[in-house]
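Quick notes on the structure that follows.
The values are calculated or read from the model by the stated rules, or taken from the named source; none is laboratory data. Quantities reported herein were computed from a predicted structural model and do not represent experimental measurements. Positions of Cβ are generated from backbone atoms using ideal geometry, with glycine treated the same way; all protein chains shown enter the neighbour counts. Accessible surface areas use protein heavy atoms only, side chains included; no ligands, DNA or RNA. Shrake-Rupley method; radii C 1.70, N 1.55, O 1.52, S 1.80 Å.
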Amino acid sequence: MKFSISREALLRPLTLVAGVVERRQTLPVLANVLIDVQEEQVALTGTDLEVELVGRTSPASVEQIGATTVPARKLMEICKSLPEQAEIQLALEEGRAVLRSGRSRFTLSTLPATEFPNIEESAGNTEVSLPRGTLKRLIDSTAFAMAQQDVRYYLNGMLLELRSNLVRTVATDGHRLAVCSGPADIEMEPAQKLIVPRKGILELVRLLDDSDEPVTLSLGANHLRAHTGSFTFTSKLVDGKFPDYERVVPRGGDKVFIAERTQLRQVLSRTSILSNEKYRGVRLLLEEGNLRVMANNPEQEEAEENVAVEYSGANLEIGFNVGYLIDALGVLGEDKVQVTLADPNSSALMEEPGGGDAMYVIMPMRL
């Protein structure tokens with residue numbers, strides 16, 4: 001194996017692929033990136049056995065085709081530290097990878113390409129194509145609500161629901177729920193529901209931009225594969241049943257107020273400074289035309305703020321984890337937010353005024 005390539009052509013795919021590689025891995029080869037050199041292209045592959053990413057790039061010249069694996073992070077750090085537009089030559093010499101650039105020379109350890117694990121090729125039953133921007137917006141609007149290391153393993157990821165003319169993402173950690181839908185030019189009968197693990201979602205969204213360029217999704221029995229530009233991303237799916245999120249959405253709340261989204265978020269952020277660090281609780285008192293936000297902590301410190309809202313109705317006092325409110329306000333797209341409440345023990349529904357394609361459900365706290 002021997003080829004030359006510009007620093008920039010190697011660095012972008014390498015950075016994304018190295019992101020998949022786990023720092024703590026069970027097999028030594030999982031710390032490595034697989035470099036496969038063909039006549040016209042160089043393919044870089046990283047995997048942690050759950051998620052696999054292949055990035056392809058064009059070399060300046062190829063003297064000898066071949067494949068090997070080298071430590072992903074070290075190779076990335078070396079490329080980053082070289083000057084811009086540097087020319088890199090990478091060759092396999094006596095079982096070592098030798099990287100030369102200008103007057104620099106680095107020798108890296110290798111492991112045979114044959115040891116590198118492949119996520120088994122399962123035939124994708126269905127293929128759909130979506131604009132990258134649509135999928136990115138759906139993931140960005142809901143990803144914050146995914147659970148981390150919950151024993152209910154099916155919550156440690158995101159539900160991707162594909163129906164005819166509609167794509168929807170749903171995430172919940174048991175305390176809050178985020179749902180976002182978007183129109184899509186797809187035919188899907190019957191509807192498909194996949195649970196993509198948390199890491200898969202975070203890596204997939206790094207490949208997406210706001211463009212209308214397509215991303216093609218291949219849906220297999222236990223894999224999701226995405227093709228976008230020169231990248232192929234594969235993730236195992238979580239085998240489990242996602243909760244029936246429709247049942248969680250509160251219906252029939254009679255106390256509806258509308259507030260300036262940015263202003264409300266700033267008020268909550270300031271008040272949260274004096275909330276209990278462990279429970280992060282704030283108390284909301286809804287009155288006609290006004291929302292009072294209060295917080296206190298075990299040190300007897302208190303915060304109180306008032307924010308003008310559009311509301312006429314009965315007073316209501318209710319407690320929430322302030323972080324959950326701030327997260328939802330951070331991803332809503334409109335300047336105003338509509339919040340629907342029923343009583344102190346019922347969840348809040350946050351959305352754009354009059355509805356919209358995203359909704360956020362937040363369970364109350366007893367304070």
In the calculated pair distance distribution of the stretch 119-184, what percentage of Cα-Cα distances lie above 20 Å?
38 percent
What GluC sites (Glu not before Pro) does the stretch 289-325 have in DSSP loop regions with at most 14 other beta carbons within 10 Å?
Glu299, Glu301
How would the stretch 215-367 be classified by its alpha-carbon gyration tensor: rounded, prolate or oblate, with rounded meaning a/c under 1.5 and the a/b versus b/c comparison settling the rest?
prolate
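If you roll a 1.4 Å probe over the stretch 20-107 with all protein chains in place, what percent of the accessible area is carbon or sulfur? The partial results should precede the final answer.
Values: 2110 of 4710 Å².
The value for the stretch 20-107 is 45 percent carbon and sulfur by accessible area.
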Cα-based Rg of the stretch 202-244 normalised by 2.2 N^0.38 Å, two decimals
1.32
Theoretical gain in end-to-end length, Asp185 to Arg100 [0.36 nm per residue, Cα-Cα removed]:
25.8 nm
Over the Cα atoms of the stretch 184-289, what is the Rg over Rh ratio if Rh follows Kirkwood?
1.10
Portion, in percent, of the accessible area of the stretch 263-367 that falls on carbon or sulfur, probe 1.4 Å
43 percent
Surface accessible to a 1.4 Å probe, per residue, for the residues of the chain, Å²
48 Å²
List the trypsin sites (Lys or Arg not before Pro) within the stretch 134-225 that DSSP assigns to loop and that have no more than 15 neighbouring Cβ atoms inside 10 Å.
Arg152
Based on the Cα coordinates of the stretch 1-149, what is the per residue volume of their convex hull in Å³?
162 Å³
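For the chain, return all DSSP H helices satisfying: extent of Cα atoms along own axis at least 18 Å; mean Kyte-Doolittle hydropathy at least 0.5.
7-20
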How about the stretch 92-185: which GluC sites (Glu not before Pro) there lie in a loop by DSSP and see at most 16 other Cβ atoms within 10 Å?
Glu94, Glu120, Glu121
Cut-off 20 Å, label 7 Å out along Cα→Cβ of Ala314, residues of the stretch 328-358 by amide N:
339-349
Once you have a ≥ b ≥ c as the square roots of the Cα gyration tensor eigenvalues for the stretch 308-367, tell me rounded if a/c is under 1.5, and otherwise prolate or oblate according to whether a/b is larger than b/c.
oblate
Rounded to the nearest whole Å³, what is the per residue volume of the convex hull around the Cα atoms of the stretch 1-78?
77 Å³
Under the rule a/c < 1.5 gives rounded, and otherwise a/b versus b/c splits prolate from oblate, where does the stretch 61-167 land using the Cα gyration tensor?
prolate
Give the span of the chain's Cα atoms along each principal axis, as three whole-Å numbers ordered largest to smallest.
79, 52, 35
